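Engineer: Here you go, one structure.
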Amino acid sequence: MRKIVLDIETKNIFQEVGGRGDPTKLDISLLVTYDFQTDQYECFLEEDFPRLWKLLEESDMIIGYNSDHFDIPLLNKYYEGDLTAIKSLDLLSEIKNTLGRRLRLDSVAEGTLGIKKSGDGLEAVKWWRQGEIEKLKRYCKDDVRITKEIYEFALKNNFLKYKDYDGIKTIPLKTENWEDPGDGALNHTLLF
């Protein structure tokens, strides 16, 4: 199974495009992937998306954090097909289904891995606008690495941890079906 972890940074914020809710109103500045098959991270600016489509169309599963509600709908705005046809695993959705609420990636990273994120989405927009593309790439790649490591930890241990105001807490997860092949296949719309 070819698994791709991804994360997206944007050129703008919800307050600039009409409030929270619809990620398709935003514009992508950068997308970073990690490919389990090649053990490689790759950065994609908008002009690199033709290479990204090929990678995603060859994948069996997309892994992300809030990816079903943010990354995939936003990326679908740029894609001629439907990326929701690829099996996806949204770690935030898995957490919310168990815990009943959403958690920041930073809280899960600190609780599970003992590390903190290297920045936040607002800083990423600022770095894009200031032309600090290398700083943006490092930050986004770091988020992808954290998401990958959280996924691997959960798959191995069937739980994650998070840091709350009163300490570290555990979230039990049912991971046994995470890597089952999906029943749908991506309808390849681009010719490679």
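Engineer: Residue pairs, Cβ under 6 Å, 6 or more apart or interchain, first in region 35-62 and under 15 Å from residue 9 (Cα atoms), second among the β-branched types (Val, Ile, Thr). List them.
Structural biologist: 42/33; 43/32
Engineer: Which of the residues that make up region 149-178 are surrounded by fewer than 19 Cβ atoms within 10 Å (Cβ to Cβ) and assigned to a helix (DSSP H, G or I)?
Structural biologist: 149, 152, 153, 155, 156, 157
Engineer: Would you please name the residue that is least open to solvent (accessible area, probe 1.4 Å), looking only at residues in region 64-116 that are among the basic types (Lys, Arg) and touching a residue at least 40 places away in the same chain (Cβ under 8 Å)?
Structural biologist: Once the filter is applied, the top-ranked residue is 87.
Engineer: When you go through 62, 86, 115 one by one, which is the residue that is closer than 30 Å to residue 168 by Cβ and either in contact with a strand residue (DSSP E or B) (Cβ under 9 Å, 6 or more places away or on another chain) or of a type in the set (Gly, Ala, Ser) (or both)?
Structural biologist: 62
Engineer: Another question, if that's okay. Select from region 117-151 the residues that are without any contact (Cβ under 8 Å) to a residue 60 or more places away in the chain and acidic (Asp, Glu) and write down the one among them that is nearest to residue 61 (Cα to Cα).
Structural biologist: Step by step, filter region 117-151, then rank; the result is 149.
Engineer: Does region 74-83 contain any residue that is on the phi < 0 side of the Ramachandran plot, out of contact with any strand residue (DSSP E or B) (no Cβ under 9 Å at 6 or more places or on another chain) and of a type in the set (A, V, I, L, M, F, W, C)?
Structural biologist: no
Engineer: Would you call residue 135 open to solvent by 10 Å² or more (accessible area, probe 1.4 Å), of a type in the set (Lys, Arg) and over 17 Å from residue 6 (Cα atoms)?
Structural biologist: Judged against the criteria, residue 135 is a match.
Engineer: Do the conditions hold for residue 142, that is, is it modelled with pLDDT under 95 and either out of contact with any helix residue (DSSP H, G or I) (no Cβ under 8 Å at 6 or more places or on another chain) or of a type in the set (Asp, Glu) (or both)?
Structural biologist: Considered against the rule, which asks whether it is modelled with pLDDT under 95 and either out of contact with any helix residue (DSSP H, G or I) (no Cβ under 8 Å at 6 or more places or on another chain) or of a type in the set (Asp, Glu) (or both), residue 142 comes out as no.
The values are calculated or read from the model by the stated rules, or taken from the named source; none is laboratory data. All values reported here derive from a predicted model rather than from experimental measurement. Virtual Cβ from ideal backbone geometry, glycine too; neighbours counted across all protein chains shown. Areas reflect the complete protein model, heavy atoms only, side chains present, ligands, DNA and RNA absent. Shrake-Rupley method; radii C 1.70, N 1.55, O 1.52, S 1.80 Å.
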